[in-house]
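Below: the structure, in structure tokens.
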Amino acid sequence: NFGYVENDLYRCGQPNELNFPFMEKLNLRCIVWLAPEEPNQNVMNFVDDQEIQLHHLGVLESGNASDPITEDMILEAFNLILDKKNHPMAIMCNIGRHRTGTVVGCLRKLQRWNLASIFEEYRRFAGPKVRLLNEQFIELFDTDLVRIPVDPPEWL
């Protein structure tokens with residue numbers, strides 16, 4: 001479930017060993033991990049080998065993977081995503097659908113995309129497992145809560 005979000009910003013589910021050669025070519029500096037559980041050991045080894053910073057934000061929430069993402073988690077993710085020193089970066093969760101899709105959807109709202117386009121992108125990655133609560137979260141997300149850095153990425 002890999003996708004290009006913006007220059008030096010990618011989204012995906014947890015990669016496996018077959019994906020590592022491709023992932024190496026991205027020269028990632030940072031991974032924002034949104035799932036409540038740790039990435040598997042192969043991913044942890046890849047992160048260590050490539051000297052990638054892993055920010056495990058999923059532990060900020062209580063453990064059920066099907067619980068919706070929280071506003072605090074989104075804001076913490078944006079602190080990392082909007083800091084150019086962390087790029088190239090990947091936003092990840094287990095499958096790359098719901099938590100990752102919600103963060104990317106809120107980013108699109110911050111970029112002033114219209115809701116129809118935001119939801120089309122969310123649904124493309126979620127497939128038949130669209131969660132209306134995530135779409136509602138994106139729609140109601142207050143972009144005024146986001147702290148924009150002095151030197152933001154050019155795509156913001």
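A few comments on the model shown:
- The count of lysine pairs in segment 10-156 whose Cα atoms are under 27 Å apart, excluding pairs fewer than 8 places apart on the same chain, comes to 5.
- Under the criterion of Cα pairs below 8 Å and six or more residues apart, the relative contact order for segment 72-156 equals 40 percent.
- With protein chains left intact and a 1.4 Å probe, residues in segment 113-156 average 67 Å² of accessible area per residue.
- CD proxy at 222 nm, helix term only [per DSSP H run n ≥ 4: -39500 (n - 2.57); per residue of the chain; nearest 500]: -11500 deg cm²/dmol
- If you wrap the Cα atoms of the chain in a convex hull and average its projected area over all directions, you get 8.6 nm².
- Taking every protein chain into account, the accessible area of segment 1-110 amounts to 44 square angstrom per residue (probe 1.4 Å).
- Taking the accessible area of the chain, probe 1.4 Å, and keeping the other protein chains in place, the carbon and sulfur fraction comes to 48%.
The values are calculated or read from the model by the stated rules, or taken from the named source; none is laboratory data. For clarity, every value in this text was computed on a predicted model and none was experimentally measured. Just the protein is used for accessible areas: all its heavy atoms, side chains included, with ligands, DNA and RNA removed. Shrake-Rupley method; radii C 1.70, N 1.55, O 1.52, S 1.80 Å.
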